[in-house]
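Heads up: the structure comes next, in structure tokens.
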Amino acid sequence: GESVGLHLPTLSVQEGDNSIINCAYSNSASDYFIWYKQESGKGPQFIIDIRSNMDKRQGQRVTVLLNKTVKHLSLQIAATQPGDSAVYFCAEKKSNFGNEKLTFGTGTRLTIIP
Amino acid sequence: IAGITQAPTSQILAAGRRMTLRCTQDMRHNAMYWYRQDLGLGLRLIHYSNTAGTTGKGEVPDGYSVSRANTDDFPLTLASAVPSQTSVYFCASSEGTSVNEQFFGPGTRLTVL
């Protein structure tokens, strides 16, 4: 069967350091990969996406890297701040006869150490 | 502030009872979604609607029904609740045909006893 998001469940990072959150996927047919952030008590929030024919995409303080050879996706957060504490989910977008759906991974909890 | 509202915030429900979770968006998004979030399982799609008047089944639709009478509202109904439906439910919407950026509501925590 298909799967996405083989995450480490938790990651602790010193404030100011860079964070790297990893995700593995198995479905090579996905045309987009997406990262979401979920703060405690809130709904998930879109961070950034990357098309499957790209290797890298940068946003504000975040970079997503896609390695299709090993089916690996990572989210890098520069100069981690306390507000970055959250659960991070990777997701893949699949199209099926014109219907597009997101399949989410199980998430990684990022804790910032002051 | 534009966005998605969900009601109730939380609910404790006896097994066998009927329950409707409400979801309203004011962004005029075409597509809306219902997910459930369980510890260790992430978000799983229950039902979706690409536009008003249409609905479709997601990954875990059994025991749930939805309707989309207009653009703004997308209620989720549990006809006869069971304890395995204890979860946090999130409604989301997306603009046009792009599903990558979905806007989520604050969630409803449902406990079925």
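At a Förster distance of 35 Å, what's the computed FRET efficiency of A:His72 paired with B:Met27, Cβ-Cβ distance as r, to 0.05?
0.55
Which order do A:Ser26, B:Ser94, A:Ser40 take when ranked by solvent-accessible area (1.4 Å probe, heavy atoms of all protein chains), largest first?
Most to least solvent-accessible, the answer reads A:Ser40, A:Ser26, B:Ser94.
Can you work out ³J(HN,Hα) from phi for every residue in the range B:38-49, in order, using Karplus 6.51 cos²θ - 1.76 cosθ + 1.60 and θ = phi - 60°, giving whole Hz and x for Gly and Pro?
Whole-Hz 3J(HN,Hα) from phi for the range B:38-49: 10, 4, x, 10, x, 9, 10, 6, 9, 9, 9, 9.
Could you give each residue of the range A:44-49 its phi-based ³J(HN,Hα) in whole Hz, using Karplus coefficients 6.51, -1.76, 1.60 with θ = phi - 60°, and x for Gly or Pro?
x, 10, 4, 10, 6, 10
What ³J(HN,Hα) values, in whole Hz, does the Karplus curve 6.51 cos²θ - 1.76 cosθ + 1.60 give for the range A:16-22 when θ = phi - 60°, with x put for Gly and Pro?
Going residue by residue, I get x, 7, 8, 10, 10, 10, 10 Hz, with x marking Gly and Pro.
Compute the distance in nm between two label points, each set 7 Å from the Cα along the Cα-to-Cβ direction, one at A:Ala29 and one at A:Gln81.
4.1 nm
For the protein assembly as shown, report the accessible area per residue in Å² (1.4 Å probe, heavy atoms, rounded to an integer).
Value returned for the protein assembly as shown: 49 Å² of accessible area per residue.
When Lys and Arg each count +1 and Asp and Glu each count -1, what net charge do the other residues less than 9 Å away from A:Val87, Cβ to Cβ, add up to?
For residues surrounding A:Val87, the net value is +1.
Using a basic spin-label model with each label point 7 Å from the Cα along Cα→Cβ, how many nm lie between A:Met54 and B:Arg44?
The two pseudo-label positions are separated by 3.2 nm.
If I stretch the segment between B:Ala79 and B:Ala7 completely, what's the gain in nm (0.36 nm per residue apart, minus their alpha carbon distance), one decimal?
24.2 nm
At a 1.4 Å probe radius, which order do B:Arg44, A:Arg57 fall into by accessible area, largest first?
Ranking B:Arg44, A:Arg57 by accessible area, largest first, yields A:Arg57, B:Arg44.
Quick one: order A:Met54, B:Met32, B:Met19 from most to least accessible surface, probe 1.4 Å.
A:Met54, B:Met19, B:Met32
Report, by chain and number, residues whose modeled amide H sits under 5 Å from the one on A:Tyr32, excluding near sequence neighbours (fewer than 5 apart, same chain).
Those qualifying (amide H under 5 Å, at least 5 residues apart or on another chain) are A:Ser52, A:Lys93.
The values are calculated or read from the model by the stated rules, or taken from the named source; none is laboratory data. This structure is a prediction, so every number in the text was calculated from the model and none was measured. Cβ atoms come from the backbone with ideal geometry, glycine included; neighbour counts cover every protein chain shown. Just the protein is used for accessible areas: all its heavy atoms, side chains included, with ligands, DNA and RNA removed. Shrake-Rupley method; radii C 1.70, N 1.55, O 1.52, S 1.80 Å.
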